[in-house]
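Contents: one structure, followed by commentary.
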Amino acid sequence: MRDQFNMTLEEIGKRLGGKSISAVNNTLRLLKLPKSVQQALFEGRLNEGQARPLIGLPDDAAEDIMERAIREEWSARRIEQVVTLWKQAKA
């Protein structure tokens, strides 16, 4: 939307009912997630707080962590911990 309509994050936020720039930016970042994670988010099987830590992971890792998080009903904090451990193991 930002590029398509040549709008700033602030303008998008105003059009979305007064959302802050950071809220708009955080929402747009979710579009970087693999389609399967976006679908889980859309279906309500995952919330934004749970999905956000998965941004930037390789698709297969994000999908694996997402599936386990849904199955085991992980909190956003638990997902953050698992992502941190995953990144440390890959470093």
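Just so you know, all these numbers are worked out from the coordinates, no wet-lab data involved. Given the structure is predicted, the values throughout are model-derived calculations rather than measurements. Every residue, glycine as well, gets a Cβ built from its backbone with ideal geometry; the counts of neighbours run over all protein chains shown.
Tabulated data for the structure shown
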item	result
Cα→Cβ-extended label distance, 7 Å offset, between A89 and N47, nm	2.7 nm
Three principal axis lengths of the chain [C-alpha, angstrom, descending]	39, 29, 21
Distance between modelled label sites at Q38 and T8, nm, 7 Å Cα→Cβ extension	2.7 nm
Over the chain, relative contact order from alpha-carbon pairs under 8 Å, at least 6 apart, %	19 percent
